[in-house]
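Just so it is clear, none of the values below were taken in a lab; they were calculated from the coordinates. Being a predicted model, the structure only gives us computed values, none of them experimental. Because the Cβ atoms are built from the backbone with ideal geometry, glycine has one as well, and the counts that use them run over all protein chains shown.
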Amino acid sequence: MSLAAPRDPHEAPSVDEQPKARVREGYDRIATAYLAARPLAGADVALLADVRRALPPGAPVLDAGCGAGVPVTRNLAATGFRLTALDFSPVQLDLARSLGVEASFVQGDLAALPFADHSFAAVVSYYAVIHVPRAEHAAVFGEVYRVLRHTRSGTVVPRRRRPPRGPRPREL
């Protein structure tokens with residue numbers, strides 16, 4: 001495995017990096033306001049309850065796209081799981097740390113998770129994949145599969161508030 005040379009910070013980002021940079025910069029700007037608008041309710045509460053029932057105490061869990069760590073990371077950490085919280089936005093991660101959320105924080109990209117194979121008993125990702133360019137969705141789910149411990153069951157639950165636009169998703 002070779003490591004690519006770091007990109008010159010004075011160069012313009014590649015076309016592939018531009019949408020990601022816009023998302024990261026946007027979340028950096030709205031971090032505090034976004035935190036105030038993220039209550040945990042309804043179906044989200046039920047899904048987290050399913051995660052809690054399915055895993056033993058102390059299980060390693062990745063919150064992929066954790067934002068400020070509230071409400072999901074904080075909720076799962078409070079129930080005894082070992083949380084790793086990954087986000088693209090350094091400002092969101094700093095906010096999570098300042099709120100006292102108990103987790104290991106990592107800045108990273110959902111399409112290139114910086115973790116060893118089979119590192120986690122579960123991966124949760126609330127409202128994060130929608131911000132990844134569609135062309136990278138297969139890479140994101142491939143990475144989630146790679147870092148999950150392979151057990152006999154697993155669930156991906158896409159949650160939409162409105163019907164999807166464009167072509168229907170293909171099976172991975």
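What to note about this one:
- Region 109-132: number of residues that are part of a loop (DSSP other than H, G, I, E, B) and loosely packed, with under 15 Cβ neighbours inside 10 Å: 5
- Screening region 49-99 for residues that are surrounded by fewer than 24 Cβ atoms within 10 Å (Cβ to Cβ) and charged (D, E, K, R) and picking the one that is farthest from the chain's Cα centre (by Cα) gives ARG53.
- The set of residues in region 100-121 being under 13 Å from the mean Cα position of the chain (by Cα) and without any contact (Cβ under 8 Å) to a residue 40 or more places away in the chain consists of PHE105, VAL106, GLN107, GLY108, ALA111, ALA112, PRO114.
- Scanning region 122-150 for residues being acidic (Asp, Glu) and touching a residue at least 40 places away in the same chain (Cβ under 8 Å) gives a total of 0.
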